[in-house]
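Report on the following structure.
Nothing in this text is a laboratory measurement; each read-out follows from the coordinates by a stated rule. Everything numeric in this text was worked out from a predicted model, so none of it was measured. Cβ placement follows ideal geometry from the backbone for every residue including glycine, while neighbour counts extend to all protein chains displayed.
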Amino acid sequence: MICINALKKGKSIKFDEGSGNVFADLGLKDADQLLARAQIGYHVFKILQDGKLKQREIAAILGIAQPDVSHLMNGHFSRFTTDKLLDFLKRLNRKVTIEVSRHHKGEPYQQVTFAP
């Protein structure tokens with residue numbers, strides 16, 4: 001627990017520093033998988049948002065129903081499997097590379113990185 005003084009009020013605020021994975025901080029099972037899905041989902045969302053497409057256009061590109069587009073654009077990534085989100089990236093003409101390496105103590109088991 002870390003204490004800092006609140007600005008101008010002289011009151012202490014106590015907080016815990018996060019691990020970088022909010023799902024692990026909440027004690028959720030499969031936290032690494034949940035974080036990876038959220039990161040991939042957010043990347044799909046940003047590509048679609050930057051494309052300024054209408055939901056019916058997105059539905060046609062991704063091969064899903066318009067209500068599912070609404071869920072995706074509202075950040076409800078848990079409604080989609082990781083495989084489905086990776087398929088969306090393919091349909092958006094993005095290359096996905098999966099790298100397998102030895103796990104080192106203290107690092108996440110699953111990690112998602114995006115090229116610029």
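Observations
- Springs join every pair of Cα atoms under 10 Å in this Gaussian network model of the chain, and among 84, 105, 54 the largest mean-square fluctuation is at 105.
- Between segment 97-111 and segment 41-73, the alpha-carbon centres lie 29 Å apart.
- Helix-only CD estimate at 222 nm, as mean residue ellipticity for the chain, using -39500 (n - 2.57) per DSSP H run (n ≥ 4): -13000 deg cm²/dmol
- Local charge for residue 92 was computed over the other residues whose Cβ lies under 11 Å away, with Lys and Arg +1 and Asp and Glu -1, and equals +3.
- Taking the C-alpha atoms only, the angle from helix 31-51 to the longest principal axis of the chain is near 60 degrees.
- Against the chain, whose longest principal axis comes from its Cα atoms, helix 82-91 is set at around 50 degrees.
- Think of each Lys and Arg Cβ as +1 and each Asp and Glu Cβ as -1; about the Cα centre, that makes the dipole of the chain roughly 380 debye.
- In terms of surrounding Cβ atoms within a 10 Å radius of their Cβ, 96, 69 rank from fewest to most as 96, 69.
- Distance in nm between pseudo-label sites at residue 47 and residue 76 (7 Å out along the Cβ direction from Cα): 2.2 nm
- Cross-link pairs exceeding 28 Å between alpha carbons, from the set 52/95; 84/105; 54/84; 46/105: 84/105; 46/105.
- Environment charge of residue 32, counting only residues whose C-beta is closer than 14 Å and scoring Lys/Arg +1, Asp/Glu -1: -1
- The chain - Debye-derived log10 I(q)/I(0), Cα point model, q = 0.17, 0.21 Å⁻¹: -0.89, -1.15
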